[in-house]
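See structure below.
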Amino acid sequence: MLMKRITPNIVPKISKIVRHLQTVAQSKKVYTNVPANFVFSKGFHDPEQHENRESIVNSMLVHADFLTEVEENSIFGEIEPYLKRMRYEYDHWDNAIHGFRETERVNWNKENTCILDRVRNLAFPAGVNPLRFVHILDLDEKGYIKPHIDAIRFCGDTIAGLSLLTDSVMRLVHDKNKDLSVDILLKRRSLYIMKGTARFDYTHEILGNEHSKFNGETVLKTRRISVICRNEPDPENTKL
Ligand code: OGA
Ligand code: MN
């Protein structure tokens, strides 16, 4: 009698609980691979986006603490005398970057050459040709980088960037589906290696302080210097 009374109600409840547990288990499985410094937009929570999410995780690698404080100082010490002679640029409406100064450098002192060799060895497999010059981008505290994709005419499939002086948030947004975006916490002294789908199919940007949040927490970006190694463009893309 008791069973009769309970059964009709409890069966749907149990199956609801089971379905919930399955969903949790499934989402756990989906998330196992996601680094702690990535926050995916809601669009990515759709199980259909599983592959897109995997390919982002595999094509955007972040190495925390890639540089020691001594190494960060060493790079800063070599470039700061040049940077401080330049003015920050703000008002170019068509620029992808706001509040910046930049330069390129081919020759580095011995210690910094070692650091950059370490970056290139990690980022570029044998047979890939790194560009000789390293791009140095100095963003003022008020500076930010608007969403863009690096021109395929000027650089190849891999972009490796060291972040100096501050933490910041990089956002990747799928070029054809704006619901797919991921925020990445770039800690001071980290190295990111962006290649393949993250480099070609998603815009990247560095959030200005007005929007600089990670997982709901404000990430105050002060002056930021990035030191970026790229590889040669695919010759097919330089013909135009
Ligand atoms: C760029 C760029 C990212 C960074 O210069 O094209 O996207 O980490 N830089 O500074
Ligand atoms: Mn870029």
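The values are calculated or read from the model by the stated rules, or taken from the named source; none is laboratory data. Note that the structure is a prediction, hence the values are computed from the model and not measured. Virtual Cβ from ideal backbone geometry, glycine too; neighbours counted across all protein chains shown.
Computed values, structure above
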{"quantity": "Candidate set from the range 96-121 (those that are among the polar types (S, T, N, Q) and surrounded by 14 or more Cβ atoms within 10 Å (Cβ to Cβ)); member that is farthest from LYS146 (Cα to Cα)", "calculated": "ASN112"}
{"quantity": "Tally of residues being of a type in the set (A, V, I, L, M) and either assigned to a loop (DSSP other than H, G, I, E, B) or more than 16 Å from ligand 2 (Cβ to nearest atom) (or both) across the range 157-182", "calculated": "3"}
{"quantity": "Residues being more than 10 Å from ligand 2 (Cβ to nearest atom), touching a strand residue (DSSP E or B) at 6+ places or on another chain (Cβ under 9 Å) and either within 14 Å of ARG120 (Cβ to Cβ) or hydrophobic (A, V, I, L, M, F, W, C) (or both) - total across the range 133-156", "calculated": "6"}
{"quantity": "Among (1) free of Cβ contacts under 8 Å to residues at least 12 places away in the same chain; (2) within 11 Å of ligand 1 (Cβ to nearest atom) - the single one PRO235 does not satisfy", "calculated": "(2)"}
{"quantity": "Residue within the range 202-224 that is out of contact with any helix residue (DSSP H, G or I) (no Cβ under 7 Å at 6 or more places or on another chain), surrounded by fewer than 21 Cβ atoms within 10 Å (Cβ to Cβ) and closer than 21 Å to LEU122 by Cβ present", "calculated": "no"}
{"quantity": "Residue in the range 164-184 that is in contact with a Pro (Cβ under 8 Å, 6 or more places away or on another chain) and surrounded by 14 or more Cβ atoms within 10 Å (Cβ to Cβ) present", "calculated": "yes"}
{"quantity": "Complete set of residues in the range 183-232 that are outside any strand (DSSP E or B), among the aliphatic types (A, V, I, L, M) and away from ligand 2 (no atom under 15 Å from the Cβ)", "calculated": "VAL219, LEU220"}
{"quantity": "Residue in the range 142-151 that is aliphatic (A, V, I, L, M), buried (at least 16 other Cβ atoms within 10 Å of the Cβ), in a helix (DSSP H, G or I) and modelled with pLDDT of 95 or more present", "calculated": "no"}
{"quantity": "Among residues of the range 106-153, those that are touching a residue at least 60 places away in the same chain (Cβ under 8 Å) and either near ligand 1 (Cβ under 10 Å from one of its atoms) or not polar (S, T, N, Q) (or both), counted", "calculated": "24"}
{"quantity": "Hits in the range 63-92 - residues which are surrounded by fewer than 16 Cβ atoms within 10 Å (Cβ to Cβ) and under 20 Å from HIS204 (Cβ atoms)", "calculated": "ALA64, GLU89, HIS92"}
{"quantity": "Which numbered condition GLU236 misses (of (1) of a type in the set (Asp, Glu); (2) more than 16 Å from ligand 2 (Cβ to nearest atom); (3) at pLDDT 95 or above; (4) not in a strand (DSSP E or B))", "calculated": "(3)"}
{"quantity": "Looking only at the range 154-163, and only at residues there that are of a type outside the set (Ser, Thr, Tyr) and surrounded by 13 or more Cβ atoms within 10 Å (Cβ to Cβ), the one that is nearest to ligand 1 (Cβ to nearest atom)", "calculated": "GLY161"}
